[in-house]
Amino acid sequence: MGKNAVIVSKCSAYEDQKLKSSVSDIFNRLNNFDDYLKPGDTVVIKPNLLLGKSPDQVVTTHPDLIQQVIDKLKKYECKIVIGDSPGGPFNESRLKRIYKKTGLLKLAENKKVSLNYNTKSTKISFEEGFLVKSFEISDFILNADLIINMSKLKTHSFMKYTGSVKNLFGTIPGMKKAEYHLRMPEADNFALMLVDLARFIAPQINIMDAVIGMEGAGPSAGEKRKFGYIMASTSCFSLDVAGAYLFNIEPDAIPTINQGKKNGLVGNLDEINLYGDKLVPAENTITPDINESDTRNVNNLPSFLANIVNKLLKPRPIFNTEQCVKCGDCAANCPAEAIELNDYPEVDLNACIRCFCCQELCSYEAVDIKKPILGKLFFK
Ligand code: SF4
Ligand code: SF4
């Protein structure tokens with residue numbers, strides 16, 4: 001199956017028979033799958049495990065879908081490891097909490113597969129990188145013979161959309177992710193870094209959980225949105241183009257697709273070969289109201305003017321004191337150390353790089369991103 005092929009399978013609910021039928025269809029169409037694996041190989045399944053949320057909160061890849069993929073792999077007598085580096089600290093106790101909440105602890109016990117607790121990482125050079133020439137990667141990913149990248153279709157306040165390419169940011173261990181945000185605060189550069197990372201990791205199989213995804217304030221605080229599909233490709237870039245179409249977002253509006261296209265890694269939907277069911281885009285989807293220009297720091301103005309722009313025009317995190325439990329996770333995970341936990345969190349808008357990690361990593365949906373009216377007019 002070529003890099004520009006995407007398999008599309010309708011799946012209206014997380015029900016065993018429906019999931020089984022879709023996953024069987026996908027594996028049948030991934031011809032030559034037998035060539036990928038030999039007995040004893042290590043297969044890493046890399047879901048989206050952003051936060052410790054239950055499957056019905058649609059933040060994480062659904063465990064029942066992962067289960068069907070595991071069932072398909074069993075005949076290859078390989079070692080199966082499920083792992084991700086979620087947002088925030090990367091340690092055993094946190095991983096255990098997240099595995100439990102997301103349904104993976106139970107799944108791993110039932111199916112007798114491993115959950116990753118190895119939090120070591122290694123710096124690897126990547127001279128072919130367009131922007132980034134080396135990456136710090138979690139060892140469990142580096143130890144894989146085959147990687148199955150299992151993303152969840154959601155919006156993303158910073159990257160507009162999170163699908164297959166963005167899911168691979170979870171191969172970078174824990175708080176190291178903050179360094180990448182700090183080094184590349186602008187959306188286009190951050191996206192190009194993600195493109196490099198996807199080229200480096202190069203997962204052989206990419207599967208997208210688009211049965212029920214998230215719209216609005218994704219990737220953790222948005223609303224459920226039913227799409228009714230599972231899709232797969234050997235290319236995470238092609239899969240994202242199909243995902244963007246399903247979401248009804250212009251592909252060029254998604255920085256990772258835009259950078260992929262600029263660098264010849266993917267084309268428009270009409271250059272993708274779709275196999276299986278007809279892909280019908282969802283109607284009236286709600287996408288984040290953040291543009292690439294919103295994430296650019298103002299640095300070509302005198303400092304007093306830059307301060308005014310940062311305070312009055314740029315989108316900013318707003319902390320909802322009714323929902324905030326003062327856990328401090330937002331402050332601990334802010335790459336720019338721009339949040340101070342006084343009575344409630346307060347942000348220094350001149351230090352804030354508009355990465356929106358505070359919204360993404362708040363387990364209590366207590367962070368909104370607000371775009372000032374003046375900013376809407378100015379950056380229109
Ligand atoms: S905003 Fe969220 S992450 Fe920050 S302190 Fe409140 S509850 Fe915790
Ligand atoms: S305050 Fe929020 S948006 Fe600003 S830099 Fe920190 S985490 Fe990013």
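Values in this text are rule-based calculations from the coordinates and carry no lab data. All values derive from a computational prediction rather than experimental measurement. Heads up, the Cβs are rebuilt from the backbone with ideal geometry, glycines too, and the neighbour counts pull from every protein chain shown.
Odds and ends about this structure:
- 14 Å Cα-Cα reach of Lys133 towards aspartates and glutamates, excluding residues that sit fewer than 8 places from it in its own chain: Asp196
- Computed as a quarter of the hull surface, the mean projected area of the alpha carbon convex hull for the stretch 162-319 stands at 10.8 nm².
- Against the chain, whose longest principal axis is taken from its Cα atoms, helix 303-312 shows a tilt of about 60°.
- Here the chain is scanned for GluC sites (Glu not before Pro) in DSSP loops (not H, G, I, E, B) that have at most 14 other Cβ atoms within 10 Å, and the longest stretch holding none of them is 129-282.
- Out-of-range pairs (alpha-carbon distance over 24 Å; input Lys38/Lys278; Lys46/Lys101; Lys18/Lys111; Lys152/Lys261; Lys72/Lys160; Lys123/Lys326): Lys38/Lys278; Lys72/Lys160; Lys123/Lys326
- Spread over its residues, the convex hull of the C-alpha atoms of the stretch 5-276 is 115 Å³ per residue.
- Degrees separating the helix 63-73 axis from the principal Cα axis of the chain, which is the longest one: 40 degrees
- DSSP bridge orientation in the stretch 5-276 - percent antiparallel, rounded to nearest 5: 50 percent
- The stretch 229-298 and the stretch 146-174: distance between their alpha carbon centers, rounded to Å: 13 Å
- Check: the stretch 179-249 dipole with +1 on Lys, Arg Cβ and -1 on Asp, Glu Cβ, in debye: 220 debye
- Mean separation of Cα contacts under 8 Å, 6 or more apart, over the residue count of the chain: relative contact order %: 19 percent
- Rounded to whole numbers, the Karplus 3J(HN,Hα) couplings from phi for the stretch 265-275 are 8, 7, x, 7, 4, 5, 9, 9, 8, 9, 10 Hz, using 6.51 cos²θ - 1.76 cosθ + 1.60 with θ = phi - 60°, and x at Gly and Pro.
- Whole-angstrom gap from the stretch 1-59 to the stretch 180-212, using each part's C-alpha centre: 19 Å
- To the nearest ten degrees, helix 16-29 and the longest principal axis of the Cα atoms of the chain are 80 degrees apart.
- Taking each DSSP H run with n ≥ 4 as -39500 (n - 2.57) and averaging over every residue of the chain yields -9000 deg cm²/dmol at 222 nm.
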